[in-house]
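Trainee: Right, I'll just put the structure down here and ask away after.
The values are calculated or read from the model by the stated rules, or taken from the named source; none is laboratory data. Please read all numbers here as calculations on a predicted model, not as lab measurements. For neighbour counting, all protein chains shown are included, and Cβ atoms are generated from backbone atoms with ideal geometry for every residue, glycine included.
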Amino acid sequence: MAYKNYILVCAGTACESNKGKALYEALEKEIKAAGVEAEAQLVKTGCFGFCEQGPIVKILPDESFYVKVGPKDAHEIIAEHIVKGRKVERLLYKENKAENDPRSSDISFYRKQLRIVLRNCAVINPEIIDEYIARDGYAALEKVLFEMTPDAVIKEIVDSGLRGRGGAGFPTGRKWQFTKNTPADQKYIVCNADEGDPGAYMDRSVLEGDPHSVLEAMTIAGYTVGASKGFIYIRAEYPLAIDRLNTAMAQAREYGLLGDRILGTDFSFDIEIRLGAGAFVCGEETALLASIEGNRGMPVPRPPFPAVKGLWGKPTVINNVETYANIPVILLKGSKWFSSIGTETSKGTKVFALTGKINNSGLIEVPMGTTLRDIIYDIGGGIASGKKFKAAQTGGPSGGCITAAFLDTPIDYESLQSIGSMMGSGGMIVMDEDDCMIDVTKFYLEFTVDESCGKCAPCRIGGRTCYNILDRISKGQGKPDDIQKLKEIGHAMRKASLCGLGQTAPNPVMSTLKYFEEEYRAHIEDKKCPAGKCKEMICYMIDETKCVGCTACARRCPVSCISGEVKKLHVIDQSKCIKCGQCFTACKFDAVKKG
Amino acid sequence: MNMIELEINGIPVSVKPGTSLIDAAKLVGVKIPTLCYHADLDPWAACGICVVKVEGSPKMLRACATPAGPGMKVITHDPEIVNVRRTVLELILSTHPNDCLQCSRNRNCELQTLAEEFGIREVSYERRLRHLPADDSTKSVVLNPEKCIACGRCAKVCQNMQGVWAIEFIGRGETTRIAPAADVVLDESPCIKCGQCTAHCPVGALYEHDQTREVWNAIEEHKKHCVVQIAPAVRVAIGEAFGYEPGEVLTGQLYAALRRLGFNAVFDTNFTADLTIMEEGSEFVHRVTEGGVLPQITSCCPAWTDYMEKFAPDFIPNFSSAKSPQQMLGAMAKTYYAEKAGIDPKDMYVVSVMPCTAKKFEVSRDKGMTSSGFQDVDVSITTRELARMIKQAGIDFKNLPNEEPDSLLAEYSGAGTIFGVTGGVMEAALRTAYFLITKEDLKDVHFMDVRGLEGVKAATVDVKGTKVRVAVAHQMGNVEAVLNQVRQAKEKGEELPYHFIEVMACRGGCIGGGGQPHGATDEIRKKRMAGIYTDDEKSVLRCSHHNPMIKKIYEDFLGKPLSHKAHELLHTGYQERKVYKK
């Protein structure tokens, strides 16, 4: 190490939006002011994953892990830690009281993780190609170009057992094989970076933190199947990722790693970025290709599959960001190594965006086969506020919920499907007993209803009809045959929708109906929301035996529907109450009752 | 060719590669229901009704979009499949007005038929209707988005078959609907009024602008002298509305029906088709001999002229200035016939019955359409509208006697009648042009190379040593390739690929027009075509220049082809128009 200290600062979107940029600049200024430029190097990295605690500053070599750092803390970090060698105690991550100042690798959030896809995120500066190269970047490309035939590459990928990380889990090697085997004058490599599941940011983080890994993999794919042109389809809402990709592509071209005659060989390959307008359905591969072609993003029937007839009718490899990010490591470390990780049918790792009622929300990467319990209780630090775990939703709007009974199921493509959910692209939302399953289902369905392209009748009409039924149920207007209708429509949508969006859109409904039918019945028959979440079914009342007439509730009520004089009983006017719950939280005497 | 062997409902079948399951199922006597699939179009796979089970696939597959594969085991119906189809159908009905009684497609609607077949007695799901205004801005085709089931046929026809791209899906999710780009109205869009969208719509979301009441009103006005003309293609298709097979030639019954509807004079557009040939043929000979602009391109299809003015204005000098037969008949009725019959043209009302929705637009497309001093054709109705009028009158069409038309503007040669099919105008023109150039008649009047459903047909005709190269394009989307051949030759300074080009906007020509009875497929188009050629074969006279009434109209009134008077009444001009009006 040339420097005494390396100061890694997260520059992912989450931290940047939390004054991360100002923090970086402040640190830069402080380093200069302290005159320690020769001793400490400031590195702007990609996402650390531990977003709950961001912005994060990690100092090497001792792995000091500073959390929730603001620009105002910059002076202290430099003056104390760098200049005087004294850690800034108040900023260090404290796992529990007993164990102060763990090395970052010992933090339980990281301990059960295995970072293959995220190997360079939070380690290198994604805007400097040399840092990627220093971590074996482009070594796989070099190996492939000089030592491997396309068939050998395909064999290695097939043997590795890598499956598509976009959701469906199709074997990547076979996809490449089909494309290679289809003769054509032109072939294309497409990267699906149209990540759209609510709350998911796996792909964004890879592109922001390690853009070269995707560029390298696409170039390898190009060499393997005989394509000279690649497209990255990325949503316009990811400006930082787009910036980093552009920077990375410019640097790669300058280094002869992209463009004409790569590394002096006869192989030429270049990549263009295509921006998506944020339509979720454009994550569906045929709709995505239509969108790149300049058409309306609507799915078309398969076959023909893109590997045979894709972009502009030419054979096309289309993989998502996370899939590509695996490729260079597999080729360097070998399929044997990769296939030793994971389960029988699902190899390697999976990145999840862990959110919801969990203590450590953030971006995590775990070996396939990790149990939900490990993810929630070890990595995630358990349920926030100590409540009871109710369910975890995986697979985003296309997935389903996993109940406590399945906490010990090893997670892989098949196991999730068998319990009515799916891997999806990696969203994972944890819910506790305060979450109403009808409310949650409504949320997901509203999303797919909004995002339906409108092409096929089952999805276009069925989704909206189901949503309206759920909406009625959540408002206490459910009818006895609603459950039957939901099942009927859900079944038809699954069977008769054209694309994955429509086929999986009823999954949240079907899976909650499977595991929480009682909760539905409570809403429909008893007009009660057991979780106390559905506003229309809640009634706030003041317990006359407890009310002391402090007026706190009346003062907080935004619609002034609470009447009562000081030190006298207060009363809520039910006809005006909007059920916002302000009075409930305001009352210090437990006099406001929710029922 | 290696046939594909598969099993449908346990019955082995063998089909050509590429055959869809929906077509393969016909071999075992199963008609799989669908709302979006149409034999003219690549499967768009929208409606979700044609789902079937294929062994090994966890989901149901769309029969329209799934090619038969070797060893496939297909089940086209079981209780689960029928239930899924019923659910999807009910979902569609839950967002459809279901006001069949007031619908243009009542008793002729694919959705209505399915609802009947599935025995739908109530719609179990929440009814959600969209209240959107109908777009009648073109006064030719009407788009009623309330009835649209978003099957996509219209957009696919407009884009892929016609190459016009006037309409597309806009919005998403349940607000998805069909509209021109930027949600302008059809009249401000590139729409060429060909009406192919109305011919392919399975429901009543796209239909002809109905003008039957205007016609009834005109007939009722005692002072008005109502004249009617029928286009070539009407006679071989109208029978379909009365239970005849497609292609049955019903000219005599049509004359009788029109007379019984109350028209004062019944004429035939085939007569002015012959007149068009005299003018257009002479124009062609003039261009060839006098070094005029070549290739000459036909202009009797108003959807094509609209297309050309918007998308290919560089070809304006190539356009034949001869008006279409419809317009020529209007002009002749209000001048020549008015004069002969002693009727003030201001009291005359000219109705035309056309296989076409664009003809409604043509009657007032520009100033040239008022050469008689009045609007030459007052109103143009489609074959479908005429069939309705006949039914409204209670006329027993099937038992009508054959009648003769009124004289002066009705006698026609075989050349006039073949105007109704692709290649027909070219063939008719060649029959006469040959005579005009060589002063001899053809020994064989058949030009088989320009017949049939091939999208672009090219032929070289030997006119006594002069090689005349011709091309025929139909189905609007096919024309661009022909125009590009000409453009390229011009650019490179090479010899022109063609001297004469015929273009018709609809597949098969007018027999497949947007105003014809619903349900046209290639099978039906071929039958209608056969009907037209039968009419030609039966004609004693096969060439326009032999038509005695044509000779008479020149002797009595017009002088000779391309005369000053002919130019005033029978020719027009073209101008560049914006693709989008705003």
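Trainee: Taking into account only those residues within the range B:64-112 that are within 11 Å of chain A (Cβ to nearest Cβ) and small (Gly, Ala, Ser), which is surrounded by the most Cβ atoms within 10 Å (Cβ to Cβ)?
Mentor: Per the criteria, the residue is B:ALA65.
Trainee: If the requirement is being touching a strand residue (DSSP E or B) at 6+ places or on another chain (Cβ under 6 Å) and either away from every other protein chain (no Cβ under 14 Å) or surrounded by 24 or more Cβ atoms within 10 Å (Cβ to Cβ) (or both), which of these qualifies: A:VAL329, A:VAL317?
Mentor: A:VAL317
Trainee: While we're looking at this one, here's another question. Please indicate, with yes or no, whether at least one residue in the range A:478-488 is farther than 26 Å from A:MET428 by Cβ, among the acidic types (Asp, Glu) and assigned to a helix (DSSP H, G or I).
Mentor: Yes; the residues of the range A:478-488 include at least one that is farther than 26 Å from A:MET428 by Cβ, among the acidic types (Asp, Glu) and assigned to a helix (DSSP H, G or I).
Trainee: A further question on this structure: Could you check the range B:120-203 for strands (runs of 3 or more DSSP E) lying wholly inside it with 1 or more residues that are within 19 Å of B:ARG384 (Cβ to Cβ) and outside the structural domain of B:PRO517 (by TED's automatic domain parsing)? I'd like the intermediate steps shown before the answer.
Mentor: On the way: elements: B:141-143, B:168-170, B:177-179.
Counting at least 1 such residues, we get B:141-143.
Trainee: Let me ask something additional. Looking at the range B:48-63, which of the residues that are surrounded by 24 or more Cβ atoms within 10 Å (Cβ to Cβ) and closer than 18 Å to A:ALA287 by Cβ is farthest from the other protein chains (Cβ to nearest Cβ)?
Mentor: B:ARG62
Trainee: Looking at the structure I just gave you, is A:VAL83 surrounded by 16 or more Cβ atoms within 10 Å (Cβ to Cβ) and within 25 Å of the chain's Cα centre (by Cα)? Break it down into steps so the answer makes sense when it comes.
Mentor: Working: surrounded by 16 or more Cβ atoms within 10 Å (Cβ to Cβ): yes; within 25 Å of the chain's Cα centre (by Cα): no.
No, not satisfied.
Trainee: Return the only residue of B:GLU5, B:GLU116 being more than 9 Å from every other protein chain (Cβ to nearest Cβ), closer than 22 Å to A:PRO303 by Cα and of a type in the set (Asp, Glu). I'd like the intermediate steps shown before the answer.
Mentor: Values: B:GLU116 fails: closer than 22 Å to A:PRO303 by Cα.
That would be B:GLU5, the only listed residue that is more than 9 Å from every other protein chain (Cβ to nearest Cβ), closer than 22 Å to A:PRO303 by Cα and of a type in the set (Asp, Glu).
Trainee: If B:ILE192 satisfies all but one of (1) touching a Gly at 6+ places or on another chain (Cβ under 8 Å); (2) away from every other protein chain (no Cβ under 14 Å), what's the number of the condition it fails?
Mentor: (1)
Trainee: Suppose we keep only residues that are under 24 Å from the mean Cα position of the chain (by Cα) and of a type in the set (Gly, Ala, Ser) within the range B:365-397. Which one would you say is nearest to B:HIS209 (Cα to Cα)?
Mentor: B:SER380
Trainee: May I ask you to say which residue of A:GLY342, A:GLY396, A:GLY334, A:GLY400 is within 22 Å of A:GLU52 (Cα to Cα) and not aromatic (Phe, Trp, Tyr)? Walk me through it before giving the result.
Mentor: Working: A:GLY342 fails: within 22 Å of A:GLU52 (Cα to Cα); A:GLY334 fails: within 22 Å of A:GLU52 (Cα to Cα); A:GLY400 fails: within 22 Å of A:GLU52 (Cα to Cα).
The unique qualifying residue is A:GLY396.
Trainee: Further question: Give the range B:154-173 a look and list any residue that's closer than 21 Å to A:CYS282 by Cα, crowded, with 18+ Cβ neighbours inside 10 Å and not charged (D, E, K, R), or say none.
Mentor: Within the range B:154-173, B:ALA155, B:PHE169, B:GLY173 meet the criteria.
Trainee: On the basis of being out of contact with any Cys (no Cβ under 8 Å at 6 or more places or on another chain), under 30 Å from B:VAL456 (Cα atoms) and either of a type outside the set (A, V, I, L, M) or part of a strand (DSSP E or B) (or both), does B:ASN98 make the cut?
Mentor: Details: out of contact with any Cys (no Cβ under 8 Å at 6 or more places or on another chain): yes; under 30 Å from B:VAL456 (Cα atoms): no; either of a type outside the set (A, V, I, L, M) or part of a strand (DSSP E or B) (or both): yes.
It is false that B:ASN98 is out of contact with any Cys (no Cβ under 8 Å at 6 or more places or on another chain), under 30 Å from B:VAL456 (Cα atoms) and either of a type outside the set (A, V, I, L, M) or part of a strand (DSSP E or B) (or both).
Trainee: Now, a different point. Could you check the range A:471-485 and list, in sequence order, the residues that are within 12 Å of chain B (Cβ to nearest Cβ) and either touching a residue at least 24 places away in the same chain (Cβ under 8 Å) or buried (at least 24 other Cβ atoms within 10 Å of the Cβ) (or both)?
Mentor: A:ASP471, A:LYS479, A:ASP482
Trainee: Can I ask one more? Do you know which residues across the range A:274-306 are within 11 Å of another protein chain (Cβ to nearest Cβ), over 19 Å from A:TYR201 (Cα atoms) and β-branched (Val, Ile, Thr)?
Mentor: Within the range A:274-306, A:THR286, A:VAL300 meet the criteria.
Trainee: In the range A:265-283, how many residues are surrounded by fewer than 16 Cβ atoms within 10 Å (Cβ to Cβ) and within 14 Å of A:TYR223 (Cα to Cα)?
Mentor: Summing the residues that are surrounded by fewer than 16 Cβ atoms within 10 Å (Cβ to Cβ) and within 14 Å of A:TYR223 (Cα to Cα) in the range A:265-283 gives 3.
Trainee: Something else now. With the structure loaded, tell me whether B:THR138 is within 12 Å of another protein chain (Cβ to nearest Cβ), of a type in the set (Val, Ile, Thr) and surrounded by 15 or more Cβ atoms within 10 Å (Cβ to Cβ) or whether it fails that test. Quick ask: steps written out before the conclusion?
Mentor: Working: within 12 Å of another protein chain (Cβ to nearest Cβ): no; of a type in the set (Val, Ile, Thr): yes; surrounded by 15 or more Cβ atoms within 10 Å (Cβ to Cβ): yes.
Here the answer is no, as B:THR138 does not meet what is asked.
Trainee: Identify, by number, the condition in (1) within 14 Å of chain A (Cβ to nearest Cβ); (2) farther than 26 Å from A:GLN417 by Cβ that B:VAL15 doesn't meet.
Mentor: Among (1) within 14 Å of chain A (Cβ to nearest Cβ); (2) farther than 26 Å from A:GLN417 by Cβ, the lone unmet condition for B:VAL15 is (1).
Trainee: Moving to a separate point now. Name the single residue, out of those in the range A:419-469 being more than 14 Å from chain B (Cβ to nearest Cβ) and among the polar types (S, T, N, Q), that is nearest to A:LEU363 (Cα to Cα).
Mentor: A:SER425
Trainee: Test B:ALA155 against the criterion of being farther than 24 Å from B:ALA520 by Cα and within 13 Å of another protein chain (Cβ to nearest Cβ), and give yes or no.
Mentor: On the way: farther than 24 Å from B:ALA520 by Cα: no; within 13 Å of another protein chain (Cβ to nearest Cβ): yes.
Criteria not met by B:ALA155.
Trainee: Mind counting the residues in the range B:321-341 that are within 23 Å of the chain's Cα centre (by Cα) and surrounded by fewer than 24 Cβ atoms within 10 Å (Cβ to Cβ)?
Mentor: Selection size over the range B:321-341: 1.
Trainee: Of all the strands (runs of 3 or more DSSP E) wholly in the range A:266-379, which have at least 2 residues that are under 26 Å from B:ARG177 (Cα atoms) and either assigned by TED's automatic domain parsing to the domain that holds A:GLY161 or not small (Gly, Ala, Ser) (or both)? Working first, answer last.
Mentor: Details: elements: A:270-276, A:316-320, A:349-356, A:362-367.
Answer list for the range A:266-379: A:270-276.
Trainee: Would you check which residues across the range A:41-51 are buried (at least 22 other Cβ atoms within 10 Å of the Cβ) and not in a loop (DSSP other than H, G, I, E, B) and list them?
Mentor: Our first condition is that a residue be buried (at least 22 other Cβ atoms within 10 Å of the Cβ); within the range A:41-51, this holds for A:45-51.
Listed by number, the residues that qualify are A:THR45, A:CYS51.
Trainee: Condition (residue is farther than 30 Å from B:ALA341 by Cβ and touching a residue at least 12 places away in the same chain (Cβ under 8 Å)) applied to the range B:402-416: is it met by at least one residue?
Mentor: Here is the first cut: in the range B:402-416, the ones farther than 30 Å from B:ALA341 by Cβ are none.
No; the residues of the range B:402-416 include none that is farther than 30 Å from B:ALA341 by Cβ and touching a residue at least 12 places away in the same chain (Cβ under 8 Å).
Trainee: Is it true that some residue in the range A:500-521 is within 12 Å of chain B (Cβ to nearest Cβ), assigned to a helix (DSSP H, G or I) and touching an Asp or Glu at 6+ places or on another chain (Cβ under 9 Å)?
Mentor: Yes, the range A:500-521 contains a residue that is within 12 Å of chain B (Cβ to nearest Cβ), assigned to a helix (DSSP H, G or I) and touching an Asp or Glu at 6+ places or on another chain (Cβ under 9 Å).
Trainee: What number of residues within the range A:134-185 are touching a strand residue (DSSP E or B) at 6+ places or on another chain (Cβ under 7 Å) and assigned to a loop (DSSP other than H, G, I, E, B)?
Mentor: Residues flagged as touching a strand residue (DSSP E or B) at 6+ places or on another chain (Cβ under 7 Å) and assigned to a loop (DSSP other than H, G, I, E, B) within the range A:134-185 amount to 7.
Trainee: Go through the range A:326-344 and give me each residue that's within 16 Å of A:PRO410 (Cβ to Cβ) and out of contact with any Ser or Thr (no Cβ under 9 Å at 6 or more places or on another chain).
Mentor: A:SER340, A:GLU344 - these are the residues of the range A:326-344 that are within 16 Å of A:PRO410 (Cβ to Cβ) and out of contact with any Ser or Thr (no Cβ under 9 Å at 6 or more places or on another chain).
Trainee: Something else: A:THR551 fails exactly one of the following numbered conditions: (1) of a type outside the set (A, V, I, L, M); (2) at pLDDT below 90; (3) at positive phi. What is the number of that condition?
Mentor: Here A:THR551 clears every test but (2).
Trainee: While we're here: Among the residues of the range A:312-319, are any modelled with pLDDT of 95 or more and under 22 Å from the mean Cα position of the chain (by Cα)?
Mentor: Yes, the conditions are met somewhere in the range A:312-319.
Trainee: Something else now. Which members of the range B:202-256 meet the condition of being among the basic types (Lys, Arg) and touching a residue at least 12 places away in the same chain (Cβ under 8 Å)? Walk me through how you get there before you give the answer.
Mentor: Our first condition is that a residue be among the basic types (Lys, Arg); within the range B:202-256, this holds for B:213, B:223-224, B:235.
Of everything in the range B:202-256, those that are among the basic types (Lys, Arg) and touching a residue at least 12 places away in the same chain (Cβ under 8 Å) turn out to be B:LYS223, B:LYS224, B:ARG235.
Trainee: Which residues, counting only those in the range A:292-304, are in contact with a strand residue (DSSP E or B) (Cβ under 9 Å, 6 or more places away or on another chain), under 19 Å from A:GLY164 (Cβ atoms) and surrounded by 18 or more Cβ atoms within 10 Å (Cβ to Cβ)?
Mentor: A:ILE292
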